[in-house]
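Derivation of every value follows stated rules applied to the coordinates shown; laboratory data play no part. These numbers come from a predicted model, not from an experiment. Note that each Cβ is placed from the backbone with ideal geometry, even for glycine, and that neighbours are counted across all protein chains shown.
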Amino acid sequence: MRSLWKRSSLAALALGLVPAGCAREDEPPVAIEVLGEGVEMSILNMDTNLTREGVRRARLRADTADFIGEEQIRMRPVELIFYDEQGNELSVVTGDEGLFNETTEDMEAWGSVVAIDRRDDQRLETSRLRYVATEDRLFGDEPFTLYKDNGRTVLRGSAFETDPGLSSVLMFDSSGRTAQPPGGAPAPAPQPEEADVETPSPADTAGRIEPDTTRAAARGTGARP
């Protein structure tokens with residue numbers, strides 16, 4: 001995907017960048033915020049579209065965006081909205097903080113991270129996840145909880161991999177439960193096919209299932225904070 005803006009086009013929006021000659025003599029001086037170490041520019045209310053072959057596939061938003069080095073943007077908080085091929089909102093990922101790579105267009109979010117499926121009303125909660133643009137997939141190496149069926153089905157695991165729409169979730173060390181519907185018989189526990197969840201078979205590994213660390217390292221967006 002490609003963003004619709006360049007770093008140079010945002011220079012005028014940097015915090016505190018107001019020409020001195022524009023200030024009136026009777027106006028009090030304006031305090032200029034000092035940028036943090038390594039921050040070249042900081043802007044408020046960043047909002048940009050990410051496209052593929054001229055079609056908007058995602059929208060990246062942040063209240064505060066700090067431009068670090070030549071290719072990284074640190075955001076607080078961060079919101080990444082995905083769209084389908086028809087332009088309908090597919091899902092949204094939010095996090096307390098995030099890091100976006102302008103070259104690869106990968107994004108990592110951490111803190112209180114939530115991914116919501118707009119079509120089936122699924123909700124995935126975790127502490128950190130990565131979006132890898134070349135694969136168009138989300139990866140998480142931290143414990144997570146996935147809520148389905150209006151919260152009646154709760155699935156947990158130690159790591160996951162999924163498409164942005166959460167339509168097919170690969171879970172590691174998974175477990176779950178299905179709550180009893182009000183006034184009805186206990187609902188059956190969902191099978192992987194019914195829950196749209198892929199779980200590695202016991203034959204694939206003995207004991208705890210670990211994510212492929214070689215692939216995970218290649219998908220990273222850069223150094224963690």
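Computing FRET efficiency as 1/(1 + (r/R0)^6) for Asp120 and Glu40, where r is the C-beta to C-beta distance and R0 is 30 Å, gives about 0.15.
Multiplying the residue separation of Arg59 and Glu142 by 0.36 nm and removing their Cα-Cα distance gives an extension gain of 27.4 nm. The stretch between Arg177 and Arg52, if pulled fully straight at 0.36 nm per residue, gains 41.1 nm over its current Cα-Cα span.
Please order Ile73, Ile68 by the number of other Cβ within 10 Å, starting at the fewest.
Listed from fewest to most nearby Cβ atoms, that is Ile68, Ile73.
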